[in-house]
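First the structure, in the form of structure tokens, and then the observations on it.
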Amino acid sequence: MNKKTAILLDRRYHNHQISRQSLENADRIRGLYLTLEEERYANSLQFIKPREASLSDITAVHSEMYLDQIRQHAASGDPYAYDKDTYLMEETFYTAQLAAGGCLELADLIMAGEADYGFGLIRPPGHHAEAGRGMGFCVLNNIAVTAEYLRKVYGLQRILIFDFDVHHCNGTQSVFYENSQVLVMSIHEERIFPFTGSRNEIGKEEGCGYTINLPVHAQFADEEYTYLTGKVLSSVVEQYLPQIILVSAGYDAHKEETISKTLLSTSWFASITSLLKILAKDACDNRLLFVLEGGYNPTSLQQAVLATIDELINPRMLRPGIMYSERAQRILWNHPLHTHWTL
Ligand SMILES: [Zn+2]
């Protein structure tokens, strides 16, 4: 059997861990790993181990000064001295290097045609981490490091990052804000952490139009999300023609999550995967790479990640049906994305 889906998992991702309670902890992925190691997945998935991202891979995104700060705080003995959410400990930097490097390993596999789809089940997450600052549980911006690597090593000039984590990807957006070679599109709950990602943030200079934000009301559910992604993501992919689609896959918009009020069901995550598979087939020879971001209820996180993976290994290609949603359509009224893209 041709194993088209590569899954990155490694128990060294458990090593960034604190004894105090934190929403971002190793239990998020423990059960998921055990389930994926069951026999039913052995024949349908390629399991991949990470390498460490090199310093030059990392400094393509992050400043040397920030990396020094991580090391200094790790040695200081107070894990929360740097940021109230983002604990930094002795094991943190190496674990983050393995997280980013694991994504590079998946990217290599996809670029070599040895897998169509990849999913990095990594931690710590990355999309809030800016060039010079970690925040919101994020240390290194794994997906930004991956996009920069794909530009440098493979010469890609059109990379789409789609972020469905319930929080805005302030870090990823800031890295590529003036860049048209990486289009960053985010759908997220409005007026919550990190309080960025308004519809008027559209990119700057050469990157103008290549940042797309869809801040949505709390309590939007499958119907509204399917309508918005079906319309906007499909149109943008058709016009931008990405050479690869990278997905910041955060599962904290799930209705079982207490961190947000958004009400997605587990099956929405299968349905967005289905759409992404079709778009990747049409635009970029199936190249599609998921990177785990948030998701803090281990039960719903596991169910929704498995829904994604089950959809990736399913040979079926089925575009999800879109029902008209007045509430969702209102998000698009006078949205600045109309200046650059036709819906
Ligand atoms: Zn999040």
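The values are calculated or read from the model by the stated rules, or taken from the named source; none is laboratory data. Just so we're clear, the structure is a prediction, and the values are computed from it rather than from any experiment. Cβ coordinates were reconstructed from backbone atoms using ideal geometry, including for glycine residues, and neighbour counts include every protein chain displayed. With ligands, DNA and RNA removed, areas are computed over all heavy atoms of the protein, side chains included. Shrake-Rupley method; radii C 1.70, N 1.55, O 1.52, S 1.80 Å.
Taking amide hydrogens as placed 1.01 Å from N in the peptide plane, the amide H of residue 244 sits under 5 Å from those of 160, each at least 5 positions away in sequence or on another chain. At most 13 other C-beta atoms within 10 Å and a DSSP loop state: those are the exposed chymotrypsin sites (Phe, Trp or Tyr not before Pro) I care about. Give me the longest piece of the chain that has none. It works out to 1-194.
The shape of the stretch 5-339 can be summarised by an equivalent ellipsoid whose semi-axes, obtained from the alpha carbon gyration tensor, come to 27, 22, 21 Å from longest to shortest. Each pair of Cα atoms in the stretch 88-154 enters the Kirkwood radius, and Stokes-Einstein at 25 °C and 0.890 mPa s then converts it into a translational diffusion coefficient of 199 µm²/s. The alpha carbon centroids of the stretch 83-125 and the stretch 165-216 are separated by 22 Å. Where the centroid of each part is defined by its Cα atoms, how far is the stretch 325-341 from the stretch 8-60 in Å? Answer, in whole Å: 37. Under the simplified labelling scheme, the residue 39-residue 206 pair shows an inter-label distance of 5.5 nm, with each label point 7 Å from Cα along Cα→Cβ. From its DSSP helices (H runs of at least four residues, each -39,500 (n - 2.57)), the chain gives a residue-normalised ellipticity at 222 nm of -11000 deg cm²/dmol.
Along the chain, counting only trypsin sites (Lys or Arg not before Pro) with a DSSP assignment other than H, G, I, E or B and at most 13 other Cβ atoms inside a 10 Å radius, the longest segment between sites is 205-315. Note on the stretch 23-171: Cα-only Rg and Dmax are 15.8, 46 Å. The ellipsoid equivalent to the alpha-carbon distribution of the stretch 260-343 has semi-axes of 24, 20, 13 angstrom, derived from the gyration tensor eigenvalues as √(5λ) and listed largest first. Computed in the context of the full set of protein chains, the accessible area of the stretch 180-226 at 1.4 Å probe radius has 47% of its extent on carbon or sulfur. You can think of it this way: the chain between residue 318 and residue 223 has 32.5 nm of extra reach, that is 0.36 nm per residue less the Cα-Cα gap. In the stretch 1-71, which GluC sites (Glu not before Pro) fall in coil by DSSP and have 16 or fewer other Cβ atoms within 10 Å? Answer by residue number: 37, 38. Cross-link partners of residue 49 among lysines, defined as those whose alpha carbon lies under 17 angstrom from its own and excluding same-chain residues fewer than eight positions apart: 3, 4. Residue 19 contributes an accessible area of around 130 Å² to the protein surface, as traced by a 1.4 Å probe with all chains present.
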